[in-house]
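Every number here is computed from the coordinates shown, using simple stated rules; none is lab data. Computed from a prediction, not measured in an experiment: that's the story for all the values here. As a convention, Cβ positions derive from the backbone with ideal geometry for all residues, glycine included, and neighbour counts pool all protein chains shown.
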Amino acid sequence: MESRTETSRAAPAGWVISEGKLVRMDPTEFDPEAEPGIVKAYRLSEIGRYLLNPGSIEVRKRLVGCEVHRADNRLSFLRRVFKRPRKAEIILSGVKLKLPSLKDPDLEAHLKRMIDELRVFDPFGKTLTRLDTRKVSHLVGICEDGGGYSYLKLQGSTDDKIRYLNGHVGRDVRVTIHRAHLSEGVFELRGFPAAGFSPANASTLYLYSRDGQPAACVLTALGNVDFRLPDPQAVNYLSLLERTLNFCPGFRKAFDACFLGGARPVRLLLNRQLGVDYSKAGFPEIYRDVFRTAQTAAANCNLVKPVLNYLQTALSLSYVSSGTSGDERLFTHMCILHDLRAIEPLRKSLPAVYAEMSRRAFSTEAGRFYVLDSITGAARAD
């Protein structure tokens, strides 16, 4: 039974992937090394295709400084022996001003010229010019990266790197990333095409077997191979994301703002390691509602709290949105899913509560889940 909180598909909404359907076909038609057997087909949206594509993407990050590594000297051997590597020197720019997008291009250009003229007063450039390049082995750029920081590999000689840093610090620079799926459960969203998302555009994803292992590929509209998936298990991430969109209204709202206009997506994270301890935190709203529906005494909440910290999965969506004053804010919306298996002990102790939670749960290929909590946080996008 579907949850009452599932959103209607009548209104325009972003989507990722359809439910998989078994199809009768020979996978060797598109993969000569495929094994005969079960083939499952999915419809894949532009968003889903972007998340799974193994090709490189380009994003923009703000360059804020650099890390200076000194050349080896006579003490290097002793440092290696005592496992005390030389600490790199970090130099950060003093230019903190970040211009919001302006409707008046002339005013925006004028303000950028003013910022450029103020760069001569930034101690960052003076610190770089004082470096003895003969004693520098490596320079690495430092960029703001979705609320944190990341490194930027610089090309050329040390002098080339210094010139690049002086000319681009405090500005957005182009950074190439090997693919959108950065690591297990972590997806970079800033490389999604600025042209936006069309809900009507879709491609086909096939899941099958090769050499006894799962394999998957995406086909073009003409039936040719678009790309093969390095990690077919990533399809499970997308399926879980799609179902979460249907059962978590707050997450759906944030997702649609990112891909249908109103916000710029930054990063998507699917994580099993959470910092929320529900044995100490407030009782989740969903259980307060279920207790009222099942007419269960509030004193029984102590039977529920011990199981809430097990088998959790969190989906976190970070995005930048402009406030009413024009300042950009970094938002993170987290939807916490709970595996129905975790509340199995309640089947006997609180049968009415278990039955109601089971009714509200939704099915995925990874199991049955329900939305335990929904959390939103915000910070300045400096």
Distance-filtered residues of region 329-347 - backbone nitrogen under 19 Å, label point 7 angstrom along ALA281 Cα→Cβ: 331-343
Quick one: which of LYS61/LYS253; LYS61/LYS135; LYS87/LYS135; LYS253/LYS305; LYS253/LYS280 span more than 23 angstrom between C-alpha atoms? LYS61/LYS253; LYS61/LYS135; LYS253/LYS305; LYS253/LYS280
With an 8 Å cut-off on Cα pairs and a minimum separation of 6 or more residues, tell me the relative contact order of region 155-268 in percent. 23
Need one number: nm distance between label points at ARG272 and LYS21, each 7 Å from Cα along Cα→Cβ, rounded to one decimal. 3.2
Neighbourhood charge, 14 Å Cβ-Cβ cut-off, centred on ASN201 and excluding it, Lys, Arg +1 and Asp, Glu -1: 0
Please give the residues of region 344-377, grouped as numeric ranges, whose backbone N is less than 19 Å from a label point set 7 Å along the Cα-to-Cβ vector of ALA298. 353
On the formula 1/(1 + (r/R0)^6), with r taken between the Cβ atoms of ILE177 and GLU89 and R0 of 30 Å, the FRET efficiency rounded to 0.05 is 0.70
On a full-extension model of 0.36 nm per residue, what is the gain between THR28 and THR129, subtracting their alpha-carbon distance, rounded to one decimal in nm? 30.3 nm
Please list, by residue number, everything in region 137-160 whose backbone N is under 13 Å from a paramagnetic label point 7 Å out along Cα→Cβ of ARG70. 137-138
Roughly what would the spin-label model give for SER137 and VAL186, points 7 Å off Cα along C-beta, in nm? 2.5
What's the extension gain from ALA194 to THR364 if we count 0.36 nm per residue and subtract their Cα-Cα distance? 58.1 nm
Per-residue ³J(HN,Hα) for region 189-200, Karplus 6.51 cos²θ - 1.76 cosθ + 1.60, θ = phi - 60°, Hz, x for Gly and Pro: 9, 5, x, 5, x, 5, 5, x, 10, 10, x, 7
